[in-house]
Amino acid sequence: MNTSTVMTRDVVVVSPTVTAGIAARMMERRRIRHLPVVEGGRLVGILSDRDLLKRTPGVSCGAAMTAAPVTCFSNASVSQVAKLMLDHKIDSVPVVSHSGNLIGLVTSTDLLALLVDQDEAQVLPFDFHLRTAVNDSDPLFD
């Protein structure tokens, strides 16, 4: 399965000149964690909710963003994108055209949604017991 199948196409973006405070409010209001930073249609960076934790609200998105983010093309496989996320410890990968224009975004939520079949989702019986070890000779330590 290709990235184009799972990517979000209606992506909220910001300009590098927007302040981090405005970006933070946008992210909170739209309940998103990543904002691609775009200038003239070209991806120049990405801003995550974690990036905003390190910055004052008055700083620009251009200063707060991660420049040159990890990206992929729309024909990349879903497994390739998942591997990128794991290898780089990131939760989103912008999808770009060969000219560098943003065309979508794949998030960890998009990938997790592939694992959930909404029609077949059901609560499974789950039984557990807590066992507390008393000392280091307890069988739990074996």
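Quick notes
- Positions within region 18-45 being closer than 22 Å to residue 109 by Cα and basic (Lys, Arg), in sequence order: 25, 29, 30, 31, 33
- Condition met for residue 131 (at pLDDT below 95 and closer than 25 Å to residue 22 by Cβ): no
- Residue, surrounded by the fewest Cβ atoms within 10 Å (Cβ to Cβ), within region 85-98, restricted to residues that are in contact (Cβ under 8 Å) with a residue 40 or more places away in the chain and not β-branched (Val, Ile, Thr): 91
- Annotation: residue 56 fulfils all but one of (1) without any contact (Cβ under 8 Å) to a residue 40 or more places away in the chain; (2) surrounded by 14 or more Cβ atoms within 10 Å (Cβ to Cβ); the unmet one is (2).
- Candidate set: region 59-84, residues that are of a type in the set (Gly, Ala, Ser) and free of Cβ contacts under 8 Å to residues at least 60 places away in the same chain; chosen: the one farthest from residue 28 (Cα to Cα): 79
- When residues of region 5-21 are limited to those that are over 16 Å from the mean Cα position of the chain (by Cα) and either of a type outside the set (A, V, I, L, M) or surrounded by fewer than 16 Cβ atoms within 10 Å (Cβ to Cβ) (or both), the one nearest to residue 93 (Cα to Cα): 5
- Flag if residue 105 is surrounded by 18 or more Cβ atoms within 10 Å (Cβ to Cβ), under 13 Å from the mean Cα position of the chain (by Cα) and modelled with pLDDT of 95 or more: yes
- Single match in 116, 81 (criterion: touching a strand residue (DSSP E or B) at 6+ places or on another chain (Cβ under 6 Å) and either at pLDDT 55 or above or not polar (S, T, N, Q) (or both)): 81
- Residues that are farther than 19 Å from residue 73 by Cα and of a type in the set (Asp, Glu) within region 1-49 comprise 28, 49, listed in sequence order.
The values are calculated or read from the model by the stated rules, or taken from the named source; none is laboratory data. Predicted model only: the values in this text are computed from it and were never measured. So basically every Cβ, Gly included, is an ideal-geometry build from the backbone, and we count neighbours across all protein chains shown.
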